[in-house]
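A.B. asks: Have a look at the structure that comes next, please.
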Amino acid sequence: MVLALPGRGYRGAVWIAAVVAGVLSLISLTLFPSVANGGVIITRFEWIPQLGLDIVLRMDGFAWMFSVLITVIGFLVVLYARYYMSPKDPIARFYSLLLAFMGAMLGLVLSGNIIQLAVYWELTSLVSFLLIGYWYHRGEARDGARMALIITGTGGLALFVAMMLVGHIVGSYELDVVLASGRTLVESPLYPLTLILFLLGAFTKSAQFPFQFWLPNAMTAPTPVSAYLHSATMVKAGVFLLARFWPVMSDSQLWFWIVTYTGLATLIFGAYAALFQRDLKGLMAYSTISHLGLITTLLGMGTPLAAVAAIFHIANHATFKASLFMAVGIIDHETGTRDVRKLSGLFKFMPLTGTFAIIASGAMAGVPLLNGFLSKEMFFTETAVFNPNVFVNLSLPIGATLAGMLSVAYSIKFVHGVFFGPPPTELEKVPHEPPALMRRPIEFLVLVCLAVGIIPGITVGPYLAAAVTSVLGGESPYYSLSVWHGFNLPLVMSIVALVGGAIIYVPYYRRLRNIDGVPLTRGWRGQRIFERILVTATNRWARRVVQAFGTSRLQPQIFTVIFLASAAGIGAGWGRLGNLPMPSNFDPILAMVWVLGGGSAIAAAYQAKFHRLASMILLGGAGLATCLTFAWFSAPDLALTQLLAEIATTVLILLGLRWLPKRNPVAADLNWSVRFRRYRDVGLAVMVGLGVTIASYAVMTRTAPEGISEFFLANAYSQGGGTNVVNVMLVDFRSFDTLGEVTVLGVVALIVFGLLRRFRPAADSAERPEQQRVLDDYAPGAGQHVTDDFLRIPALIINWMFPIVIVVAAYMFLRGHDLPGGGFIAGIVMSLAFILQYLASGTRWVEERLRILPVLWIGWGLLLALLTGLGAMLLGQPFLTSAFAYADIPLIGRVPMATALIFDLGVFALVVGAVVLMLIALAHQSVRRPKPAAMAKPKAREGLDKWN
């Protein structure tokens, strides 16, 4: 939120992001003693305890390991991006999204409630969509982001259903209860369905076959994003899920066959495809897919030692792959290309970067004395374990060795093709070493690879033990992190992989350098199949549905819904109409008000085809009758809100009235279809009115001795601290509803502004209706300068009234908890002050003297409302719980103080921002445009474009 504020320069955004990521890293690291010996840290916030839904943050050793990977590598990526990203890029948006993704991933791995986990799971898909499409002006970035969102988002929906089924089977949505359920899940009749949905979520997120194609297309993101999402966060979410639920879901043959061989297919295919990539990021992407397949294969085997190896390789892969992605980014940044055909001999120009990239590539290939060798040898050990099934006994070790050979081959391709050979001749830039601070994250990660590979027991042993214990619990097996285990079969497999990889690459390195695409799979590209399905499902089928049921006009689309809803309302209420009490008294004055209001509404509908301005005035008369009705029935808050909202919306609609298309009432009367539609709409309006009338009368006349109304009346002051029951309901008892409503209001204002920002009104025309020309000539808010003395007088009066209206708004705000008023009403009053200024003095005059930033008003208003709720949660209370007390202020006395005041202040700010934002958009569009021959940019567009 802070990064999104204007005025944040490049360095300011970097510092804020670095401080946040650094603090989170330190917090994560310092929590290790609490989880070292199987400990679990749990923080709980009550949400819906009746349904077993609480917000639970749960950290054990496994979650701690992921938290460290997320925060520490995130911090390194923030520092690296400082030098990679261009100052011309919207850097505040970049770091905002990066920190948002960090928060979503932390929420996922720390979730102690499986429904909460599914929510954070989808949140990571949404934020990654924005990160992958960061350079949205590029078509390939938009396509890659859309593909990633559709694949991972669909898998997320499947996972959500799976989590619902898990909670149903186990009887709880608490993660601790699920993990302690033993074989309950596996023995349930719903286990096969649950497992399939569960694996769909995990496989799509971790790019397992056949969903692997989205990850290479996500390489259109900036390299810092790729380094973060595809090493420690996004794609690791799927294998995190598999490991987290391994104790309760892996003890079945269905798990073994699906997970193991999906992982093995992904492992081999990813390594094979990486060998033929020209783009270095494409090579990194497919190698990531291969290593994710390795982890998935280990988790599918179902043995405790295989799970240990999987957890170990998760951490190892994060370190060497993040450093490799950053090295590729440096190569791209300093040479201007990632094409391996144009790169060679860079070691002479970039010896330090080349050294670190070679070491990281060795870890990826499984070279001894590097961290990747240890976990890959553990993988070979598990695949070589004898299995009575002949197919399993042969396919696993052979597939593992083949994949190891291919991984060595593509690692050699990266090292040899980029850093050795003749000097490059077709580069856009002269290659050189990057700034030292840009290289520091790679140096740190490569140092970790070396330290873990040489002295694993000291460097990673305690942390791996904590993670393994938290996953396996009492089933934690003995395992050794020694570098040398003697001459055995896994060592032989490692040697075969290293030698075989060199044999694969050396004779064919020139051909591998120039091959475009993956041989043997060009006709079966997952991307092509996805696009064909997408085109068929979304375009062809959607077009047929639209042709069958759609129309270009909004009214027919919603006619059926309104008709059915009103008919259902009348049908439901008509049967009870005889049981409703009849009115005991009849007031002729109120009846006259209703007659006048109804007559105004009918006249407004009739005048709409002739004179829109007159129709708006008559519609205001109907609204005034509604206000009087509220006041008559002792609802002053509703009456005041209705009156102020009527004024504001009427003025806003009048500003946009001139842009409606011209109507020809004579031609409309001659068209029988138009007349039929008009009579049909009259009938529909009567039906809706009857339905609402019956429902409202039934609610107002019902007898409920212990109903909700009596609860609010009895507890408004004792629990909410206010005598105005309506306001206490809005900001206390039902504040969550109010938060949603004002959020919708802010979103609507942003949508209105977004639509009008690109709207280009037509040039002046003599065909405009007479009332429009009158408004154009005499409305200063339409952008004309006030030159006539007759118009200067009301402008001067309104300028004097501006501070008075602000005082009235403050008064209405402060009295709201005990008397009619509150944040919503005060916000509309404040908005009317700005509306009057625009109408009387014009847009230029107002914006040159008043610094109005409505987007910030909306943002700060929503933030204040959210902070009020979060403050309650920090004190151990449910979200948006309010507190009330009296404060003794010197010279004033006892003053009632309620936290709901802060929430109401947020509502006030959001309402002001929303109304003023729509006002600015409409007022600028109402500025008269110059003739087409004029080449200068209209003032309307200058003022409106500054909000872009």
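A.B. asks: Would you confirm, using the coordinates I've provided, whether Ala465 is of a type outside the set (Phe, Trp, Tyr), surrounded by 17 or more Cβ atoms within 10 Å (Cβ to Cβ) and part of a helix (DSSP H, G or I)?
C.D. replies: The answer is yes for Ala465.
A.B. asks: Can you pull out every residue in the stretch 295-327 that is surrounded by fewer than 24 Cβ atoms within 10 Å (Cβ to Cβ) and among the β-branched types (Val, Ile, Thr)?
C.D. replies: Across the stretch 295-327, the qualifying residue is only Thr303.
A.B. asks: Separate question: Look at the stretch 475-496 and say how many of its residues are over 20 Å from Val452 (Cβ atoms) and either part of a helix (DSSP H, G or I) or of a type in the set (Lys, Arg) (or both).
C.D. replies: 6
A.B. asks: Which residue pairs have Cβ atoms closer than 7 Å, lie 6 or more positions apart in sequence or on different chains, and pair a first residue in the stretch 474-492 that is more than 21 Å from Ala363 (Cβ to Cβ) with a second residue that is surrounded by 13 or more Cβ atoms within 10 Å (Cβ to Cβ) and hydrophobic (A, V, I, L, M, F, W, C)?
C.D. replies: Between residues of the stretch 474-492 that are more than 21 Å from Ala363 (Cβ to Cβ) and residues that are surrounded by 13 or more Cβ atoms within 10 Å (Cβ to Cβ) and hydrophobic (A, V, I, L, M, F, W, C), the close pairs are Ser476/Val468; Pro477/Leu305; Pro477/Val308; Leu489/Ala384.
A.B. asks: Name every residue in the stretch 100-133 that is in a helix (DSSP H, G or I) and among the hydroxyl-bearing types (Ser, Thr, Tyr), in order of residue number.
C.D. replies: Tyr120, Thr124, Ser125, Ser128
A.B. asks: How many of the residues in the stretch 220-239 are part of a helix (DSSP H, G or I) and buried (at least 24 other Cβ atoms within 10 Å of the Cβ)?
C.D. replies: Applying the first criterion (part of a helix (DSSP H, G or I)) to the stretch 220-239 yields 220, 223-229, 236-239.
Checking the rest, the ones that are also buried (at least 24 other Cβ atoms within 10 Å of the Cβ) come to 223-229, 236-239.
The total comes to 11.
A.B. asks: Considering only residues that are among the aromatic types (Phe, Trp, Tyr) and surrounded by 24 or more Cβ atoms within 10 Å (Cβ to Cβ), which ones fall in the stretch 48-93? Give the steps one after another, and end with the answer.
C.D. replies: From the stretch 48-93, those among the aromatic types (Phe, Trp, Tyr) are 62, 64, 66, 75, 80, 83-84; that's our starting set.
Answer for the stretch 48-93, where residues must be among the aromatic types (Phe, Trp, Tyr) and surrounded by 24 or more Cβ atoms within 10 Å (Cβ to Cβ): Trp64, Phe66, Tyr80.
A.B. asks: Does the stretch 63-85 contain any residue that is over 22 Å from Leu242 (Cα atoms), in contact with a helix residue (DSSP H, G or I) (Cβ under 6 Å, 6 or more places away or on another chain), outside the structural domain of Val328 (by TED's automatic domain parsing) and of a type in the set (D, E, K, R)?
C.D. replies: Yes, that holds for at least one residue.
A.B. asks: Based on this model, can you work out whether Leu638 counts as part of a helix (DSSP H, G or I), modelled with pLDDT of 80 or more and in contact with a Phe, Trp or Tyr (Cβ under 8 Å, 6 or more places away or on another chain)?
C.D. replies: Here the answer is yes, as Leu638 does meet what is asked.
A.B. asks: Any residue that is touching a helix residue (DSSP H, G or I) at 6+ places or on another chain (Cβ under 9 Å), assigned by TED's automatic domain parsing to the domain that holds Ile330 and outside any helix (DSSP H, G or I) - is there at least one of those in the stretch 387-406?
C.D. replies: Yes, that holds for at least one residue.
A.B. asks: In addition: Going through the stretch 428-460 one residue at a time, which ones are at pLDDT below 90 and within 18 Å of Ile314 (Cα to Cα)?
C.D. replies: Gly457
A.B. asks: Give the residues of the stretch 596-620 that are closer than 30 Å to Asn724 by Cβ and surrounded by fewer than 17 Cβ atoms within 10 Å (Cβ to Cβ), sorted by residue number. I'd like the intermediate steps shown before the answer.
C.D. replies: Start the filter on the stretch 596-620 by keeping residues that are closer than 30 Å to Asn724 by Cβ, which leaves 596-597, 619-620.
Scanning the stretch 596-620 gives Leu596, Gly620.
A.B. asks: Within the group Phe209, Phe198, Phe213, which residue is free of Cβ contacts under 8 Å to residues at least 60 places away in the same chain and touching a helix residue (DSSP H, G or I) at 6+ places or on another chain (Cβ under 6 Å)?
C.D. replies: Values: Phe209 fails: free of Cβ contacts under 8 Å to residues at least 60 places away in the same chain; Phe213 fails: free of Cβ contacts under 8 Å to residues at least 60 places away in the same chain.
Of the residues listed, the single one that is free of Cβ contacts under 8 Å to residues at least 60 places away in the same chain and touching a helix residue (DSSP H, G or I) at 6+ places or on another chain (Cβ under 6 Å) is Phe198.
A.B. asks: Moving on. Check the stretch 87-97 and report whether any residue there is touching a strand residue (DSSP E or B) at 6+ places or on another chain (Cβ under 9 Å) and aliphatic (A, V, I, L, M).
C.D. replies: Checked the stretch 87-97: no residue is touching a strand residue (DSSP E or B) at 6+ places or on another chain (Cβ under 9 Å) and aliphatic (A, V, I, L, M).
A.B. asks: Checking the conditions here, which among Val446, Val392, Val385, Val430 is of a type outside the set (Gly, Ala, Ser) and buried (at least 23 other Cβ atoms within 10 Å of the Cβ)?
C.D. replies: Val446
A.B. asks: Return the pairs, sorted by first residue and then second, in which the second residue is of a type in the set (Phe, Trp, Tyr), the first residue lies in the stretch 17-28 and is part of a helix (DSSP H, G or I), the beta carbons are less than 8 Å apart, and the residues are 6+ apart or on different chains.
C.D. replies: As it stands, the answer is Ala17/Tyr95; Ala18/Phe75; Ala21/Phe75; Gly22/Phe75; Leu24/Phe75; Ser25/Phe75; Ser28/Trp64, since those pairs meet every condition given.
A.B. asks: Take the conditions within 21 Å of Val452 (Cα to Cα), buried (at least 24 other Cβ atoms within 10 Å of the Cβ) and not aliphatic (A, V, I, L, M) and apply them to Phe373. Does it pass?
C.D. replies: So Phe373 fails the test.
A.B. asks: I've got another one for you. Touching a helix residue (DSSP H, G or I) at 6+ places or on another chain (Cβ under 7 Å) and either of a type in the set (Ser, Thr, Tyr) or without any contact (Cβ under 8 Å) to a residue 24 or more places away in the chain (or both): is that true of Ala104 in this structure?
C.D. replies: The answer is yes for Ala104.
The values are calculated or read from the model by the stated rules, or taken from the named source; none is laboratory data. Since the structure is predicted, the reported quantities are computational estimates derived from the model, not experimental observations. Glycine also receives a Cβ, built like all others from the backbone with ideal geometry; neighbour counts cover every protein chain displayed.
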